[in-house]
Amino acid sequence: MANSKEAEERKKEILDVAEELFTAKGYDSTSTTDILERVGIARGTLYYHFKSKEEILDALIDRIIQGMVSNIRLALSDKLTALQKLISFVGAMKVDSAIGKEITDYAHKPQNALMHQKIQNSLLAVLTPIAADIIKEGISEGCFSTNYPEESAEMLLIYSSVVFDDMNEMVQAEWERKAAGFVFNMERLLGIKQGSLSEIINFIN
């Protein structure tokens, strides 16, 4: 048990250091040597936990996604209606950490298209069931109207990720139009009154 705990602590330490270095220097400019020297371990110890720098990045992506899920669950108070939960859900999907932005920037490079797809697939796998539960709750409340809650949840996530993936590169007028289109189409998809989801724009801006 002690060895297992020590191994987990060492693994966390490696990830913490890698996060600091990736944020400060960038992923491409950070080597495994940089990481093991900062942690103060032998290369064999590093490779016992992670076989490559890419595997370290995968673990950091998983940690970011789990952090996002934790934020979402904290935002989904039982006191909220399904409509309020959906708005909070979209707002909590933002990646605000420095390492999250670094990984996002890295994934957006053309040569890293496969990693970008991997991140998107991981997010869909984890977040679709949560969004689907909110939509089902809205159907029970009589607020949402759709026969396809799971598919609607998946479409909401795919649509939002595609539309707002490069939002920082948009001019304001283009961003406002895309945001308004996103809200309009989500309201139609879920069969709710026009303007019901307009508050989402405040979260994603």
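The values are calculated or read from the model by the stated rules, or taken from the named source; none is laboratory data. All values reported here derive from a predicted model rather than from experimental measurement. For neighbour counting, all protein chains shown are included, and Cβ atoms are generated from backbone atoms with ideal geometry for every residue, glycine included. Remember, those area values only see protein heavy atoms, side chains included, never the ligands or the DNA or RNA. Shrake-Rupley method; radii C 1.70, N 1.55, O 1.52, S 1.80 Å.
Remarks
Yes or no, residue by residue, for (1) in contact with a helix residue (DSSP H, G or I) (Cβ under 9 Å, 6 or more places away or on another chain); (2) modelled with pLDDT under 95:
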{"residue": "99", "(1), (2)": "yes, yes"}
{"residue": "109", "(1), (2)": "yes, yes"}
{"residue": "114", "(1), (2)": "no, yes"}
{"residue": "123", "(1), (2)": "yes, yes"}
{"residue": "136", "(1), (2)": "yes, no"}
{"residue": "143", "(1), (2)": "yes, yes"}
{"residue": "159", "(1), (2)": "yes, yes"}
{"residue": "164", "(1), (2)": "yes, yes"}
{"residue": "180", "(1), (2)": "yes, yes"}
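- The set of residues in the range 19-74 that are of a type in the set (Ser, Thr, Tyr) and touching an Asp or Glu at 6+ places or on another chain (Cβ under 7 Å) comprises 23, 27.
- Taking the listed residues 8, 37, the one that is over 23 Å from residue 149 (Cβ atoms), at pLDDT below 90, open to solvent by 40 Å² or more (accessible area, probe 1.4 Å) and in a helix (DSSP H, G or I) is 8, with no other qualifying.
- Residue match in the range 84-91 (condition: free of Cβ contacts under 8 Å to residues at least 12 places away in the same chain, among the β-branched types (Val, Ile, Thr) and either out of contact with any Cys (no Cβ under 6 Å at 6 or more places or on another chain) or open to solvent by less than 30 Å² (accessible area, probe 1.4 Å) (or both)): no
- When residues of the range 183-198 are limited to those that are in a helix (DSSP H, G or I) and under 15 Å from residue 131 (Cα atoms), the one most open to solvent (accessible area, probe 1.4 Å): 189
- Matching residues in the range 57-72 - criterion: being charged (D, E, K, R) and open to solvent by less than 60 Å² (accessible area, probe 1.4 Å): 58
- Tabulated pairs, the range 30-52, first farther than 15 Å from residue 7 by Cβ, second part of a loop (DSSP other than H, G, I, E, B) and modelled with pLDDT under 95, C-beta under 8 angstrom, 6+ apart or interchain: 32/52; 36/42
- The listed residue being at pLDDT 90 or above and in a helix (DSSP H, G or I), out of 23, 45: 45
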